[in-house]
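Worksheet for the structure shown next.
The values are calculated or read from the model by the stated rules, or taken from the named source; none is laboratory data. Being a predicted model, the structure only gives us computed values, none of them experimental. Glycine gets a Cβ as well: all are built from the backbone with ideal geometry, and neighbour counts include every protein chain shown.
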Amino acid sequence: MDKLTPPAAGFALPAAGGAYALTVDLSAALPLRLGRRPPVVLPAGRYVYCGSAYGPGGLRARVGRHLRRGKPVRWHVDRLTAAGRVVEVLVRPDGDECGLFAALAACPGAVVPLPGFGSSDCRRCPAHLLRLPPDFSVGNGTAGQAYMAGEVAAAGHREGNIAAS
Ligand SMILES: [Zn+2]
């Protein structure tokens, strides 16, 4: 894994809106049911989820929510972060999730494991979740600022979950 941006003193994610990506490691297969579709299983491995945050608190609030344990399941990705471990966070202020997804989907080895995951409101993308090789890092050439999730947690989102890998 490439070295990610070290956080500066007083580091905090931007409260501005933008797009983000989460690298999530699943250590065991995760059975899932999306809506009324037949059950599926996400195999163990490394996943990247793309989202956007333009509500109150912007990227800081949304990513902070994703890093918390024990939150109510609201989105598809909540199932993934509850079962797995968030290891990296990438933020792209003012970015859009579909552009970020397209950039990550072009990375070697990227596949869409589950069409429709995270993209119920999107007409452009097959999903907002990718499966990637285990050594993939969002810090490796993707536009935006990437951090170890543990650094983000240590900087003020210390509500659980996260350990640097
Ligand atoms: Zn999209």
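Only one of (1) more than 17 Å from residue 132 (Cβ to Cβ); (2) at pLDDT below 95 is not met by residue 107, so which one is it? Condition not satisfied by residue 107: (1).
Of all the listed residues (56, 72, 113, 126), the sole one being at pLDDT 90 or above, surrounded by fewer than 21 Cβ atoms within 10 Å (Cβ to Cβ), of a type outside the set (Asp, Glu) and more than 16 Å from the ligand (Cβ to nearest atom) is 56. For the range 129-155, the set of residues classified as of a type in the set (A, V, I, L, M) and either part of a strand (DSSP E or B) or within 16 Å of the ligand (Cβ to nearest atom) (or both) consists of 129, 130, 132, 146, 148, listed by residue number.
Taking strands (runs of 3 or more DSSP E) as the structural unit, those lying wholly within the range 20-126 and holding at least 2 residues that are touching a residue at least 60 places away in the same chain (Cβ under 8 Å) and within 14 Å of the chain's Cα centre (by Cα) correspond to 45-53, 85-93.
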